[in-house]
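Some notes on the structure that comes next.
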Amino acid sequence: MAPSSRHLLLLLLATTLIVPSASSHDDGGAGKAVYTKVCDESRFEAAGLVMSRYPYCNASIPYADRVHDLIGWMTVEEKVSNLGDWADGAPRIGLPPYMWWSEALHGLSSTGPTTKFDDPKKPRLHSGRAAVFNGTVFANVINSAASFNETLWMSIGQAISTEARAMYNLGKSGLTYWSPNINVVRDPRWGRALETPGEDPFVVGRYAVNFVRGMQDVPGHAGAGVDPMSRPLKTAACCKHYAAYDVDDWYGHNRFKFDARVEERDMVETFQRPFEMCVRDGDVSSVMCSYNRVNGIPACADARLLSGTIRRDWGLHGYIVSDCDAVRVMALNATWLGYTAVEASAAVLKAGLDLDCGMSWIVQDGKPVMDYLTSYGMEAIRMGKMREADIDNALTNLYMTLMRLGYFDGMSKYETLNEEDICTDQHKSLALDGARQGMVLLKNDDNLLPLNVDKHAAVTIRGPHAEAPEKVMDGDYTGPPCRYVTPLEGISKDVKIAHAANVTIYFGGINMHIEREGNDREDILLPKNQTEEILRVAEASPNPIVLVILCGGGVDISFAHGNPKIGAILWAGYPGGEGGQAIADVIFGRYNPGGRLPLTWFKNKYIHQIPMTSMALRPRPDHGYPGRTYKFYDGPEVLYPFGHGLSYTKFRYELTDGAKGAIVKISAAGRHCKRLSYKAGTLHAAPSCPAIDVASHACEETVAFNVSVINHGDADGAHAVLVYTIPPREVAGAPIKQVVAFQRVFVKAGSAAAVGFKLNVCKAFGIVEKTAYTVVPSGISAIHVENGDSSSPSSVSFPVKISFYA
């Protein structure tokens, strides 16, 4: 069935006029004005309106008053028509349509209806106006996470937002981007691991904070003393998918119907923590709720999760949007409480949802439907199931965000950005550097790598990913890259490619057919034919071969790790448009790899030990489940642990301030002490104050120390220093260890670099008790600084004794 007239109009605006924003021009770009802000007098005049009549365009009054005025002009029908991602606007009062859905996971993406790259095969469509065929495609998020470099993460966000602003000025994109994906990788089979920063909630949270700050912050308008509701935004980011979402489609369990049964402790400690950091520390302007149910309730209809937690407890300054079709899923897939489309629409709005993203055209009740709120909102009001005031609240959150983005007034700082600010040399260099920083050297027997071009004038290239297409190298949620370098092209700039050479490089791995959104893996092996070919190639080679693996989630390559004919293994992830050059730079020693794995690589037998649908993080002895992630896994030895990563040099640590231990005494006067769960037989008697509740404490205590990172090898290199805390051994159910800080540092061969850390006691030593309180336990904890090279064991640790006094 054809779409409704409303959506036909929006589709026309999006494709013929190319208007994802307030811009307006025709296909040829001639004869029509281009507007990049709503409150442009000439735009109002062209529509037969007088702008001065509308206080919402008066830039001298506060945003809140302007938004109140704007909503006050709108009829209830106009209000409802703006609750979907294809928002109608209200032309009667000068408000143009707006398309909310854009993606920027690791560069501007063609996913969604808003961002439009020009087609080089159709020159007529961009005749007479600036054409943009490409954007900078950075390495996938899992790669960037492996760098453990917060500066890199922020720089990527800044580069993407600059290109986004340029595209907006050209009428080819919007200002609101539904990125990043910050779901924790709980299970190695999850198909979307490549999109995320890995398995540690703290690392994931720090990635979110830095990427969001890069996307959103306008210099000079961040930090203490700045009103968050009037703080300008360069672009608006969105942390997704909230909450406990990490099952896409596994043996019939799909994300539309899956009910994530989650203990409150796991919710606080793992599933919510990155989102809390994103909102509190990153000041993100949007959060996306997920398809799944959480303990029986759809995430997008759970008032406790949305209004209660995101907005009230964490203080979101922005809007909450549904994953695309999530409201429809409630009525047609999950069939929650037998709700009709009208009841589902009312339920999500009352729970705190502000915007409904609709993706699929369907026919329901005899009419075409896309966004549920725009399609059924009026009926919900007529039936008394939805208040107009609830709609006003949602629109307030939406238009406050657009005000801060300069959608109404423009933002002079960015108005000159254009096609020349996309795919700049600086951005391409950053993409190359980011891809190199995320490379992880998994194995390097007898220092096979780096290859010396003087000794190896030619190499043999084998494997299905040697000439990997863009979709393999770029991964998911991507647009056309500025340029695309295959592994073969990268290698062939340095050496000759021969059918028979002393060294063979095999490019293998998996791709989007195996791991992607909507598709979880059934095992974590390479395809069987590929494994067999690698073994044949290795056996036939006169010398040990180099194996390069492209994948997002971990792959069980035990057969290669233990094979002496496979001398080196390099994980390249999905390294983006510059990936082929980055791989070559690492293999031939122009860049010393310093990445460390942001998730555990399990052996395939793990999939037989625990079903993907079990949400518990801690071991379940009653079920034989070994636990999940490095924090709780207590099963057989893994293939590569979290944080594993080798270098072409050797690093060791020393505690430069001679720290042998630290004692922290905290006043418990006026505080409520909390009970702790202890392991049987570990204590004669529990302390009088076993723990204090973090929420009731000022949390001003710190532990500071310095680590000297000594490069005692022959090559300069970067190294990621990971700091863990280990809770008191007698506490039951506590993590084995947990990352609490990290820094990436460059050290020249034969030199040392001092790295300082200052840990807040509540944040670094806090654990989540089974009651879901976050507490600081008394007793002897430890600080552990761990080297990623198990062959060069130089980790350092020292105890921290924490006690409480009245």
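The values are calculated or read from the model by the stated rules, or taken from the named source; none is laboratory data. Please read all numbers here as calculations on a predicted model, not as lab measurements. Heads up, the Cβs are rebuilt from the backbone with ideal geometry, glycines too, and the neighbour counts pull from every protein chain shown. With ligands, DNA and RNA removed, areas are computed over all heavy atoms of the protein, side chains included. Shrake-Rupley method; radii C 1.70, N 1.55, O 1.52, S 1.80 Å.
Looking across the stretch 491-507 at every residue that is surrounded by fewer than 14 Cβ atoms within 10 Å (Cβ to Cβ), more than 37 Å from the chain's Cα centre (by Cα) and not aliphatic (A, V, I, L, M), the one that is modelled with the highest pLDDT is identified as 496.
You will find that of 674, 660, 665, the residue that is open to solvent by 40 Å² or more (accessible area, probe 1.4 Å), modelled with pLDDT under 90 and over 30 Å from residue 561 (Cα atoms) is 660 and no other. Counting only residues that are touching a residue at least 60 places away in the same chain (Cβ under 8 Å) and either open to solvent by 10 Å² or more (accessible area, probe 1.4 Å) or of a type in the set (S, T, N, Q) (or both), the stretch 425-442 holds 8 of them. Residues in the stretch 81-118 that are open to solvent by 10 Å² or more (accessible area, probe 1.4 Å) and assigned to a loop (DSSP other than H, G, I, E, B): 81, 88, 96, 97, 101, 110, 111, 112, 113, 116, 117, 118. Within the set 334, 326, 303, the sole residue that is farther than 30 Å from residue 677 by Cβ, touching a residue at least 12 places away in the same chain (Cβ under 8 Å), open to solvent by 40 Å² or more (accessible area, probe 1.4 Å) and aliphatic (A, V, I, L, M) turns out to be 303. On the stretch given as the stretch 201-232, residues that are under 19 Å from residue 438 (Cα atoms), of a type outside the set (A, V, I, L, M, F, W, C) and open to solvent by 20 Å² or more (accessible area, probe 1.4 Å) total 1. Quick check: is even one residue across the stretch 323-333 of a type in the set (Lys, Arg), touching a strand residue (DSSP E or B) at 6+ places or on another chain (Cβ under 8 Å) and within 17 Å of residue 229 (Cβ to Cβ)? No - not one qualifying residue is present in the stretch 323-333. All of 740, 745, 776 fail the test of being in contact with a strand residue (DSSP E or B) (Cβ under 7 Å, 6 or more places away or on another chain), open to solvent by less than 10 Å² (accessible area, probe 1.4 Å) and either at pLDDT 95 or above or on the phi > 0 side of the Ramachandran plot (or both), apart from 776. The set of residues in the stretch 301-337 that are β-branched (Val, Ile, Thr), modelled with pLDDT of 95 or more, out of contact with any helix residue (DSSP H, G or I) (no Cβ under 7 Å at 6 or more places or on another chain) and not in a helix (DSSP H, G or I) contains only 321. If you go through the stretch 291-300 and keep only what is part of a loop (DSSP other than H, G, I, E, B) and surrounded by 24 or more Cβ atoms within 10 Å (Cβ to Cβ), you end up with 291, 292.
Taking each residue of the stretch 703-716 that is farther than 18 Å from residue 649 by Cα and among the aromatic types (Phe, Trp, Tyr) and looking for partners that are at pLDDT below 95 and outside any strand (DSSP E or B) with beta-carbon atoms closer than 7 Å, six or more apart or interchain, yields 705/657; 705/659. Being more than 25 Å from the chain's Cα centre (by Cα) and of a type in the set (Asp, Glu) holds for only one residue in 354, 421, 433, 392, and it is 392. Within the span defined as the stretch 514-526, every residue fails to be under 22 Å from residue 432 (Cα atoms), touching a residue at least 12 places away in the same chain (Cβ under 8 Å) and buried (at least 24 other Cβ atoms within 10 Å of the Cβ).
Taken as a whole, the condition of being under 21 Å from residue 426 (Cβ atoms), aromatic (Phe, Trp, Tyr) and either open to solvent by 10 Å² or more (accessible area, probe 1.4 Å) or not in a helix (DSSP H, G or I) (or both) applies to residue 138.
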